[in-house]
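Visitor: Can you keep this structure in mind? I'll have questions shortly.
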Amino acid sequence: MMRLLISHTRMDAMLVLFVFCFCLLPLSAQAGKAWIFFLNEQHSRTLDLQIDPYYSALGYGDMVSDEEPTVLDAHAEESIYGHLLWHFFDPQSVRLEVSANPLPILGAYLKRQRSDFYRKAQVNENFHLIKAMTLGFPDPGALSIFFGNKAYIGDYETGELTGVGYGGVLLSFGNYHVVNNSLVADPWVEMETKLKGGSFAEDREINFSFRVGGRAHLNQDIKHTVYFAVKRDRVDRDYFGWSPLKNSALEVRVDVNVEDYRPSQYLVLLGKKFPVRDSRLVFSLGLGLLRVAGSGYKGALANSVAHKNSWSILLRPNISF
């Protein structure tokens, strides 16, 4: 019995260390964890890989028109958004993607398979450590197809391509829904209009996503929703001040069910980054709030959500290099 107790204690300690270290992996796609491979000389066909504790993806893109993608200045953030918006209805590319959300999957696994360890993460009535670091995603992963405009982002001084931006329509599919770190069987389909992209130059890195969409659920206990979401993450390695636009992160999402148009989810996350002088190390800390309301569900699932504390604190410490 003593040997068994020691074994479980060691395993719980290893799980705590694993969760904490995994959360310290770089949150935004940066050099060394996001790669873009050009598959032909015209740069029209690409294969990209992103490894991230919250969102990892493998994508293949191709041009469906004879136009060459525009190259935008990586140091003019506003012009990137402006170009993608202006050419939003000028589709010229298609992209297929398979994605997974590792930390949300880990949170669901710990709750289901390691329930004792999961309960020990309840620090007090209002703060659960595993929830704080794993909540915020409605699904464990998806298969997606994008159709729209594409532009490369580059450093005008060096001529180096540093990233890519997209603007258009995305159609996604999945089989599960995540609520309060529980996986619920739910074939779903989602359509959204979005601007998304990233630039990863030596001195400045930008990751952005602006989207409006709707999701239909085949699980009768989950209501159909519409939503809007904004995400912006920026690193300025040569800046050490407190500007709200530099070395900062922002994520906002609001979901509304389409039956009675009551909000079913709010998410607000703010982050600040702290570059280390003469180093590529960047420390960051994200703090936020998530509210999942029973108004987004029906039956037993609605009762389960309604009887729990619907507000959760989000905590996302990070280090990138």
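The values are calculated or read from the model by the stated rules, or taken from the named source; none is laboratory data. Quick caveat: nothing in here was measured; it's all calculated off a predicted structure. Glycine also receives a Cβ, built like all others from the backbone with ideal geometry; neighbour counts cover every protein chain displayed.
Matching residues to (1) over 30 Å from Asp278 (Cα atoms); (2) surrounded by 20 or more Cβ atoms within 10 Å (Cβ to Cβ):
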| position | (1), (2) |
| --- | --- |
| Ile153 | no, yes |
| Thr158 | no, no |
| Gly163 | no, yes |
| Leu170 | yes, yes |
| Phe208 | no, yes |
| Lys223 | yes, yes |
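Visitor: Of the residues that sit in segment 227-275 and are under 29 Å from His217 (Cβ atoms) and among the β-branched types (Val, Ile, Thr), which one is surrounded by the fewest Cβ atoms within 10 Å (Cβ to Cβ)?
Guide: For segment 227-275, the residue satisfying everything is Val258.
Visitor: Right, another one. Of the numbered conditions (1) at pLDDT below 50; (2) over 17 Å from the mean Cα position of the chain (by Cα), Asp62 fails exactly one; give the number of that condition.
Guide: (1)
Visitor: Here's something else I'd like to know. Report yes if Ser115 is modelled with pLDDT of 95 or more and not aliphatic (A, V, I, L, M), otherwise no.
Guide: When the stated conditions are applied, Ser115 does not pass them.
Visitor: Going through segment 255-299 one residue at a time, which ones are hydroxyl-bearing (Ser, Thr, Tyr), over 28 Å from Tyr239 (Cα atoms) and in contact with a Leu (Cβ under 9 Å, 6 or more places away or on another chain)?
Guide: If the condition is that a residue be hydroxyl-bearing (Ser, Thr, Tyr), over 28 Å from Tyr239 (Cα atoms) and in contact with a Leu (Cβ under 9 Å, 6 or more places away or on another chain), then Tyr266 is the only one that fits.
Visitor: Also, quick follow-up: Inspect all residues belonging to segment 73-82 and state whether any of them is surrounded by 14 or more Cβ atoms within 10 Å (Cβ to Cβ), without any contact (Cβ under 8 Å) to a residue 24 or more places away in the chain, of a type outside the set (Ser, Thr, Tyr) and in a strand (DSSP E or B).
Guide: no
Visitor: While we're looking at this one, here's another question. Residues of segment 259-279 being among the β-branched types (Val, Ile, Thr) and touching a strand residue (DSSP E or B) at 6+ places or on another chain (Cβ under 6 Å), which ones?
Guide: Within segment 259-279, just Val268 meets the criteria.
Per-residue answers, yes or no, for (1) among the hydrophobic types (A, V, I, L, M, F, W, C); (2) in contact with a Gly (Cβ under 8 Å, 6 or more places away or on another chain); (3) within 30 Å of Asn175 (Cβ to Cβ):
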position: Gly214; (1), (2), (3): no, no, yes
position: His224; (1), (2), (3): no, yes, yes
position: Phe240; (1), (2), (3): yes, no, no
position: Val256; (1), (2), (3): yes, no, yes
position: Arg280; (1), (2), (3): no, no, no
position: Gly286; (1), (2), (3): no, yes, yes
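Visitor: Examine segment 168-177 for a residue that is closer than 29 Å to Ala293 by Cα, more than 20 Å from the chain's Cα centre (by Cα) and in contact (Cβ under 8 Å) with a residue 40 or more places away in the chain, and state whether such a residue exists.
Guide: No, every residue in segment 168-177 fails to be closer than 29 Å to Ala293 by Cα, more than 20 Å from the chain's Cα centre (by Cα) and in contact (Cβ under 8 Å) with a residue 40 or more places away in the chain.
Visitor: Anything in segment 224-282 that is assigned to a strand (DSSP E or B), among the aromatic types (Phe, Trp, Tyr) and either over 30 Å from Val305 (Cα atoms) or more than 23 Å from the chain's Cα centre (by Cα) (or both)? List them, or say none.
Guide: If the condition is that a residue be assigned to a strand (DSSP E or B), among the aromatic types (Phe, Trp, Tyr) and either over 30 Å from Val305 (Cα atoms) or more than 23 Å from the chain's Cα centre (by Cα) (or both), then Phe274 is the only one that fits.
Visitor: Out of Gly197, Gly159, report the one residue that is within 17 Å of His43 (Cα to Cα) and either at pLDDT 95 or above or not in a strand (DSSP E or B) (or both).
Guide: Matching residue, one of Gly197, Gly159: Gly159.
Visitor: Suppose we filter segment 39-52 for residues that are modelled with pLDDT under 85, surrounded by 14 or more Cβ atoms within 10 Å (Cβ to Cβ) and on the phi < 0 side of the Ramachandran plot; how many remain?
Guide: 2
Visitor: Considering every residue within segment 96-104, establish whether at least one is at pLDDT below 90, surrounded by 18 or more Cβ atoms within 10 Å (Cβ to Cβ) and among the hydroxyl-bearing types (Ser, Thr, Tyr).
Guide: No, segment 96-104 contains no residue that is at pLDDT below 90, surrounded by 18 or more Cβ atoms within 10 Å (Cβ to Cβ) and among the hydroxyl-bearing types (Ser, Thr, Tyr).
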